[in-house]
Amino acid sequence: MKYQILKKLSLLLTAFLFVCSVSAVKPIKTLLVTGQNNHNWQVSHKAIKQTLENSGLFKVDISKSPEKGKDMSKYVVDFTPYDLVVLDYNGDDWPVETQNAFVDYVKNGGGVVVYHAANNAFPDWKEYNEICALGGWEGRNEKSGPYAY
């Protein structure tokens, strides 16, 4: 009987400490990159943001590119304030400044999640293909990867 009570108290205390530790954790500052995709990015980026923020573990900002075919030259993104970048993007090439900023962000330890068709983006951008490691569409061939085996 004592053992069962101690076991229940121990489980209860463990659960309490877990909830306290999760609620005390500073949210992961996340940038969700979207705006173009061969899938319905107008819905997917909202669902991703809601799912992440509902967990209580993430604070999500959104960076939305210009529409497909529009001027991308002013789409300059600062990734440095973020712990995590979630890519829901498969569209026109980013300006070189944004590409370089993304590569630097990753080289400096920034986290990246490549969501679904975002692995198809930028078939001619070698560093991006190395970062996402997998991709087989959007004009890719054996020179584009995969880099994960």
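Assorted remarks:
- Peptide ranges 125-131, 74-80 listed from the most packed, as the mean C-beta count within 10 angstrom indicates: 125-131, 74-80
- With DNA, RNA and ligands ignored, accessible area of PHE58 (1.4 Å probe; Å², nearest 10): 50 Å²
The values are calculated or read from the model by the stated rules, or taken from the named source; none is laboratory data. Here the structure is a predicted model, which is why all the values come from computation and not from measurement. All Cβ positions, even for glycine, are placed from backbone atoms using ideal geometry, and neighbour counts span all protein chains on display. All accessible areas refer to the heavy atoms of the entire protein, side chains included, with ligands and DNA or RNA removed. Shrake-Rupley method; radii C 1.70, N 1.55, O 1.52, S 1.80 Å.
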